[in-house]
Amino acid sequence: MHDLDRLVASLAPDAGPGMTPIARELLEEITASPVTAHSVAAPSATASPAPVQGRAPRRRAWLTVPALAALATLLSVGVAQAPASAALDIRLVDGAYVITVKDLMAEPEVYQRELKARGLDITLEVVATSASQVGQIFVLHDLDRLRAGQAVSAEGPITTIDAPGSCARPHGCPIGVKVPADFDKKAQITLGRPARPGEKYRMPPGVARPGEPLHCVPYVNKSVAEVGAMLRERGVTPTYIAHGQRAQPSAPAGWYVHDGVMSADGEALLLVAPEPRAVDQHAPKPRC
């Protein structure tokens, strides 16, 4: 079975080879709709939306004050700190830049300007996502090789820094990245931030990811009617997309669901077809 979370979460502009037709259709459909007019204001630091029935409570902040304080304590000796007005906190520690985001809502060119000032050809994208992926970081280490169609290892010189203490997330709890000061390649870093009200996710998590409505629910190859009912019971409105078509509010009840992602808060996008999908029996099963 496809791990749609892995496929979609790793997508970013100019991501190079490896983007499947399924992932491309879902991502393009999700990002096609503009943010609504009432979504301009940044989320309140104190407001906490009521959890949707059947879903885990939302954690709205990526960089919490305690996490930043802990990191500052760890790096307090012999570092060069960014100005207080900067959107990024960039510190030179033992031949590497330690970078955290101070302003999640800054304009993209602000991040690029501050990185370029350190001689780094890195594009930082801070994109809307769900609570289950807020703070997740994905790195493309060598864009030139990717654009040339060459394979690039997921492991590279840019590494993530986890928050001090325990972490319940299977992929860690990063609070920043560490970049060698002599890094001379073109790279891209994508960071998930809380979505504004009405904003579509640009880092859409799979509907079965931990913290999402169908976690540990075997939905693949169930009917549109079955999966739609399961989502509505959990307060989620589904829309449907078939290969080569635009998303629709409905689909034939007897069609099969192949994949699904959360496209916004309380909204899911399901990939459907008239025939069931071939399932890899050897694919790893989710931990429930």
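Using heavy atoms of the protein chains and a probe of 1.4 Å, the accessible area assigned to residue 105 is about 50 Å².
Can you compute the label reach from residue 113? Point 7 Å from Cα along the Cβ direction, backbone N cut-off under 20 Å, restricted to region 179-220. Answer for this model: 189.
Taking amide hydrogens as placed 1.01 Å from N in the peptide plane, the amide H of residue 259 sits under 5 Å from those of 271, each at least 5 positions away in sequence or on another chain. Distance between the 7 Å Cα→Cβ label points at residue 106 and residue 93: 1.8 nm.
Taking all protein chains together, 102, 200 sort by accessible area into 102, 200, largest first [probe 1.4 Å].
Straight-line cross-link reach from residue 186 at under 16 Å between alpha-carbon atoms covers these lysines, not counting any fewer than eight positions away in the same chain: 116, 178. Of the solvent-accessible surface of region 96-162, computed with a 1.4 Å probe and all protein chains present, 50% belongs to carbon and sulfur. When only alpha carbons are used to place a centre, region 123-179 and region 187-234 end up 20 Å from one another.
Residue separation of residue 181 and residue 169 scaled by 0.36 nm, minus their Cα-Cα distance, works out to 1.4 nm of gained length. Taking every C-alpha pair closer than 8 Å and separated by at least 6 residues, the mean separation divided by the residue count of region 181-288 gives a relative contact order of 26 percent.
Between residue 153 and residue 232, the FRET efficiency estimated from the beta carbon spacing at R0 = 35 angstrom works out to 0.25.
The values are calculated or read from the model by the stated rules, or taken from the named source; none is laboratory data. Just so it is clear, the structure is predicted and the values come from calculations on it, not from any experiment. Reconstructed Cβ throughout: ideal geometry from the backbone, glycine too, with neighbour counts over all protein chains shown. Please note that ligands, DNA and RNA were not included when accessible areas were found on the heavy atoms of the full protein model with its side chains. Shrake-Rupley method; radii C 1.70, N 1.55, O 1.52, S 1.80 Å.
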